[in-house]
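The values are calculated or read from the model by the stated rules, or taken from the named source; none is laboratory data. Note that the coordinates shown come from a computational prediction; the quantities given were computed from them, not determined experimentally. Cβ atoms come from the backbone with ideal geometry, glycine included; neighbour counts cover every protein chain shown. Areas reflect the complete protein model, heavy atoms only, side chains present, ligands, DNA and RNA absent. Shrake-Rupley method; radii C 1.70, N 1.55, O 1.52, S 1.80 Å.
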Amino acid sequence: MKKKLVVLTGAGMSAESGIKTFRDTGGLWEEYDVMEVASIDGWRRNPTLMTEFYNQRRAQLEHAQPNRGHVALAELEEMFDVRIVTQNVDNLHERAGSTHVLHLHGELTKVRSVLDESKVQDIGYRKMEPGEKGPDGAPLRPHIVWFGEAVPLIGEAAHLVREADIFAVIGTSLNVYPAAGLVGDLRPGRPAFLIDPNEVAMTLPGFTIIREGAAKGVDTMREHLLKLI
Ligand code: OAD
């Protein structure tokens, strides 16, 4: 049986695909006020602004391509039972060929009813019109987890991390909870890797630190992983 490799990814995973991170210099939260465009209060205040913000992100995603890091993670499925837990709302892991991807913070290519969170539908890369209604007659909203909202899939993600034989963290500053807290669910003694060109918000004792971008770093990690099969 293949060993279970659980990978937590963040915005840095897609940086080399041309998608801006949030907290780096030049990141999205320098350009936008996070509470205006990514919080439930922001949605209540100005749904049109937030609809436009996610329309722009979706349009950008259509033209982005998975980078070598996404592809290398998909290739690792040949050797490992790879489970990706991503904070990213893009679909670049799937487009690279990864088959088990849990989206903690939602998905750009989906929208849902404001009245019933189980009524999710695909929107692909098209614009959502401000005030657009779904089949149930209720207004639609982006299928994104905003600040001020619960993270419905966190329990499932924590379970995956607890079951991990090997764990990797790629391209997340580990500032946002509960996602960052997943690191604490790893069983002691399990091999763990961090791929990030910069310092992150917590110290990770026992982790093998790979100070590279994701596109190169996943191939570097692969060399280590080959010894753990
Ligand atoms: P951040 O922008 O906070 O962190 C991005 C991380 O990626 C940083 O640690 C960078 O050093 C690193 N990085 C930059 N370039 C990289 C590269 N080429 N390869 C690898 N790493 C690189 O993004 P997240 O931690 O993902 O939530 O942010 C978490 C959440 O905060 C997001 O999901 C989003 C945001 O607000 C919502 O919008 C709900």
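Per residue, how many Å² of accessible area does the stretch 44-98 show with a 1.4 Å probe?
Numbers: 2240 Å² over 55 residues.
Per residue, the stretch 44-98 has 41 Å² of solvent-accessible surface.
Of Pro205, Pro139, Pro66, which has the largest mean-square fluctuation in a 10 Å C-alpha GNM of the chain?
Comparing Pro205, Pro139, Pro66 in the GNM, the peak value goes to Pro205.
Give me the percent of accessible area attributable to carbon and sulfur for the stretch 4-228, probe 1.4 angstrom.
Numbers: 5250 of 10290 Å².
Looking at the stretch 4-228 in its full context, I get 51 percent from C and S.
Given the rule -39500 (n - 2.57) for each run of at least 4 DSSP H residues, summed and divided by the residues of the chain, what is its mean residue ellipticity at 222 nm, to the nearest 500 deg cm²/dmol?
Values: 8 runs with 65 residues, N = 229.
Theoretical 222 nm ellipticity from helices: -7500 deg cm²/dmol.
Can you give the FRET efficiency for Trp29 and Arg187, using 1/(1 + (r/R0)^6), R0 = 25 Å, r = Cβ-Cβ distance, to the nearest 0.05?
Calculated transfer efficiency: 0.15.
Can you tell me the orientation of helix 47-63 relative to the chain, as the angle in degrees between its alpha-carbon axis and the longest Cα principal axis, to the nearest 10?
Relative to the chain, helix 47-63 is tipped by roughly 50 degrees.
Note down the relative contact order for the chain as a percent, whole number, built from C-alpha pairs under 8 angstrom at least six residues apart.
Rounded, it is 25 percent for the chain.
If we restrict to alpha carbons, what Rg and Dmax does the stretch 4-228 come to, in Å?
According to the Cα coordinates of the stretch 4-228, Rg and Dmax are 17.4, 55 Å.
Assuming 0.36 nm per residue, please report the length gained on full extension of the stretch Asn198 to His63 beyond their Cα-Cα distance. Could you put the intermediate results ahead of the total?
Values: separation 135, 0.36 × 135 = 48.60 nm, distance 2.68 nm.
This chain segment gains 45.9 nm when fully extended.
Considering only Cα-Cα distances, which of the following residue pairs are longer than 21 Å: Lys4/Lys110; Lys4/Lys119; Lys4/Lys227; Lys3/Lys227?
Lys4/Lys110; Lys4/Lys119
Roughly how many nanometres apart are two label points built 7 Å out from the Cα toward the Cβ at Leu115 and Asp219?
Computed distance between label sites Leu115 and Asp219 equals 5.3 nm.
Compute the convex hull volume of the Cα atoms of the stretch 39-105, divide it by the residue count, and report the result per residue in Å³ as a whole number.
Working: hull volume 5.1 nm³, N = 67.
Hull volume normalised by residue count: 77 Å³.
Nearest 10 degrees is fine. How inclined is helix 214-225 to the longest principal axis of the chain, computing both from alpha carbons?
40 degrees
Give me the percent of DSSP beta bridges within the chain that run antiparallel, rounded to the nearest 5.
So the antiparallel bridges in the chain amount to around 30 percent.
Normalised radius of gyration for the stretch 137-229, please: alpha carbon Rg relative to 2.2 N^0.38 Å, two decimal places.
1.27
Can you tell me the FRET efficiency between Ala150 and Glu212 if r is taken as the Cβ-Cβ distance and R0 is 41 Å, rounded to the nearest 0.05?
0.75
When the scattering of the stretch 81-166 is computed by the Debye formula from its Cα atoms alone, each counted once and equally, what is log10 I(q)/I(0) at q = 0.13, 0.24 Å⁻¹?
Debye curve over Cα of the stretch 81-166, log10 I(q)/I(0) at q = 0.13, 0.24 Å⁻¹: -0.48, -1.22.
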